[in-house]
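Structure first, commentary second.
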Amino acid sequence: MKICQTIFFLFIFMIAPSVMGQQIQLSKGSESIVIDGVISNDEWLNSHMVAVKRDNDWEIPIRIKYDQEYLYVAFENFTFKNKGKLNAEILIQTNAENNQWTDNTYWFHSSYSNCYSNGEYYNWENCSTNHLDWKANVYPFENENDNIEFKISLKKLGLETAGNNQIKIAFKLSDVSELHSYWPPKAEIKSPQTWAKLIFN
């Protein structure tokens, strides 16, 4: 019996990283970022990078960083071989210990307009290209750019200062065919417990 219990706990330990998601650690930056869809290496200096694999040929790099006021996210390489246009979504749970959608959970969407909701997802009633406390460039892209940049006020997320805080985060891509891709790869929009932990250093 003890041997079976030991094997069981070893199994749980081995699969825990894939169940609990991944981790991002961010150091505060000071570079000013213009939300225009132009990915400048100077602007995104010292950003953390992950990627969403859309298919065998198409990978979308994602950059993340923050400063005193904003969390920034950039999705790159949004158009590829006429495979259609993607929608970018950011999922945030500011209570890292909570595994449910609550008032601390946020959904941000950018395509031809910018939409967000607090406590639920796919709420299309709050859409605009001119939100006061967050911003993303939208379609149609200008000057042959194919990137979407976000900046989200920390105050909007209820974080007066990000330093030493932890949140949960996931990134989601979709298209008109309703094909959904995530980072972390096993994330689900309905389950914050499947999202990654982001630590603000």
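The values are calculated or read from the model by the stated rules, or taken from the named source; none is laboratory data. If you're wondering where the values come from, they're calculated on a predicted model, not measured in any experiment. Note: ideal-geometry Cβ built from the backbone for every residue, glycine included; neighbour counts use all protein chains shown.
Here are the numbers for the structure shown:
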| quantity | calculated |
| --- | --- |
| Strands (runs of 3 or more DSSP E) fully within region 92-201 counting 1 or more residues that are crowded, with 18+ Cβ neighbours inside 10 Å and among the charged types (D, E, K, R) | 134-136, 148-153, 166-174 |
| Tally, over region 1-56, of residues that are among the hydrophobic types (A, V, I, L, M, F, W, C), surrounded by 14 or more Cβ atoms within 10 Å (Cβ to Cβ), modelled with pLDDT of 85 or more and out of contact with any strand residue (DSSP E or B) (no Cβ under 7 Å at 6 or more places or on another chain) | 1 |
| Verdict on Glu120 being more than 14 Å from Val73 (Cβ to Cβ) and either modelled with pLDDT under 95 or touching a Pro at 6+ places or on another chain (Cβ under 9 Å) (or both) | no |
| Residue in region 91-102 that is of a type in the set (Asp, Glu), more than 20 Å from Leu26 (Cα to Cα) and free of Cβ contacts under 8 Å to residues at least 24 places away in the same chain present | no |
| Given (1) touching a residue at least 60 places away in the same chain (Cβ under 8 Å); (2) assigned to a strand (DSSP E or B); (3) surrounded by fewer than 20 Cβ atoms within 10 Å (Cβ to Cβ), index of the condition Val73 fails | (3) |
| Which numbered condition Phe78 misses (of (1) at pLDDT below 85; (2) under 15 Å from Glu149 (Cβ atoms); (3) not in a loop (DSSP other than H, G, I, E, B)) | (3) |
| In region 45-61, the residues that are within 16 Å of the chain's Cα centre (by Cα) and assigned to a loop (DSSP other than H, G, I, E, B) | Ser47, Arg54 |
| Tally of residues being over 22 Å from Lys172 (Cβ atoms) and not aliphatic (A, V, I, L, M) across region 32-62 | 7 |
